[in-house]
Amino acid sequence: STTKGRNQQKKYNDKPTSTSFAVGRVASTVGNCYEQLPQFLRLVAVALSAFIVFGTIVAVVDLSFYSLGIELTPASKNATKSFAVVINTYRRPDRLRDAVAHYAEACGMEYNVKQVFVVWSELGVDPPSINEFFVRDASTFPATDQTGVRGGRPALNNDAINIPKSEVTIIRVEKDSLNSRFLPIKGLKTDAIFMVDDDVRVDCKSLSNG
């Protein structure tokens, strides 16, 4: 009876479980399908599998370092500290002047505004010169509660005009369209862009934190 029990136990141990049997069937099916593929498709399948495995490993490692508070790509983080402001305008020179003065001068580099682009859509009309956008005395800045302008600039004193100004570029488009603001920008030096109309002024601190 002891020998019979041992034989039964041995047969039970040698019998594959349902899970291992299913896995074996799947592996066998996949192997057969792979063998039937043309050589080109085999190479594609191998390359795709390698890419998936590599991506998974990178994601796991990056997540592990992130959980420890370690940045693997500090360069990209530094690149996004500054951003560009794209202002869309049309036949509102006063509001455009106020908007450029706000984003490029009142905020400027102190609030990480590296570049300001003005999308000029007035065909046949020359845009103002860059110097016309900048004031010489803080007392000449527009009031913060100017009618028709949402948001305001921070309170300024005479020392504010010494804040490093942003680089201002006027983009003359060939077609009068609201979609002109979405055209590729030559000379863009930042990774982030804030698009705004000439009648909207977001306060500098909120702009920088956003």
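The values are calculated or read from the model by the stated rules, or taken from the named source; none is laboratory data. Model, not experiment: these values are computed from the prediction. All Cβ positions, glycine included, derive from the backbone under ideal geometry; neighbour counts span all protein chains shown. To get the accessible areas, we keep the full protein, side chains included, count just its heavy atoms, and leave off ligands, DNA and RNA. Shrake-Rupley method; radii C 1.70, N 1.55, O 1.52, S 1.80 Å.
Anything in segment 171-210 that is closer than 19 Å to Cys107 by Cα and either basic (Lys, Arg) or in contact with a Leu (Cβ under 8 Å, 6 or more places away or on another chain) (or both)? List them, or say none. Steps first, please.
Just the residues of segment 171-210 that are closer than 19 Å to Cys107 by Cα, to begin with: 188-210.
Hits for segment 171-210 are Lys189, Phe194, Asp198, Arg201, Lys205.
Being assigned to a loop (DSSP other than H, G, I, E, B) and open to solvent by 50 Å² or more (accessible area, probe 1.4 Å) is the filter here; which residues of segment 188-201 pass it? Please lay out each step first, then the result.
Restricting attention to segment 188-201, the residues satisfying the condition of being assigned to a loop (DSSP other than H, G, I, E, B) are 188-191, 198-199, 201.
Passing the criteria: Leu188, Lys189, Asp191.
Return the only residue of Pro142, Pro127 being touching a strand residue (DSSP E or B) at 6+ places or on another chain (Cβ under 8 Å), modelled with pLDDT under 90, outside any strand (DSSP E or B) and open to solvent by 20 Å² or more (accessible area, probe 1.4 Å). Outline the logic, then answer.
Values: Pro142 fails: touching a strand residue (DSSP E or B) at 6+ places or on another chain (Cβ under 8 Å).
Going through Pro142, Pro127 in turn, the sole match is Pro127.
Among (1) open to solvent by 80 Å² or more (accessible area, probe 1.4 Å); (2) at pLDDT 75 or above; (3) among the β-branched types (Val, Ile, Thr), there is one condition Val30 misses while meeting the rest; what is its number?
(2)
Of the residues Thr147, Thr56, only one is among the polar types (S, T, N, Q), surrounded by fewer than 16 Cβ atoms within 10 Å (Cβ to Cβ) and modelled with pLDDT under 50; which? Talk me through it step by step, then tell me what you get.
Working: Thr56 fails: modelled with pLDDT under 50.
Matching residue, one of Thr147, Thr56: Thr147.
Do we find a residue being open to solvent by less than 60 Å² (accessible area, probe 1.4 Å), at pLDDT 80 or above and either over 18 Å from His102 (Cβ atoms) or touching a Leu at 6+ places or on another chain (Cβ under 8 Å) (or both) anywhere in segment 160-170?
Here is the first cut: in segment 160-170, the ones open to solvent by less than 60 Å² (accessible area, probe 1.4 Å) are 160-161, 163, 166, 168-170.
Within this subset, residues satisfying the condition of being at pLDDT 80 or above are 166, 168-170.
Those still in the list that are either over 18 Å from His102 (Cβ atoms) or touching a Leu at 6+ places or on another chain (Cβ under 8 Å) (or both) too: none.
For segment 160-170, residues open to solvent by less than 60 Å² (accessible area, probe 1.4 Å), at pLDDT 80 or above and either over 18 Å from His102 (Cβ atoms) or touching a Leu at 6+ places or on another chain (Cβ under 8 Å) (or both): absent.
Output the residues belonging to segment 171-187 that are polar (S, T, N, Q) and either assigned to a loop (DSSP other than H, G, I, E, B) or surrounded by fewer than 15 Cβ atoms within 10 Å (Cβ to Cβ) (or both). Outline the logic, then answer.
The initial filter retains those residues of segment 171-187 that are polar (S, T, N, Q), namely 177, 179-180.
Within segment 171-187, Ser177, Asn179 meet the criteria.
Might you check whether a residue that is at pLDDT below 70, aliphatic (A, V, I, L, M) and over 18 Å from Asn131 (Cβ atoms) occurs anywhere in segment 78-90?
yes
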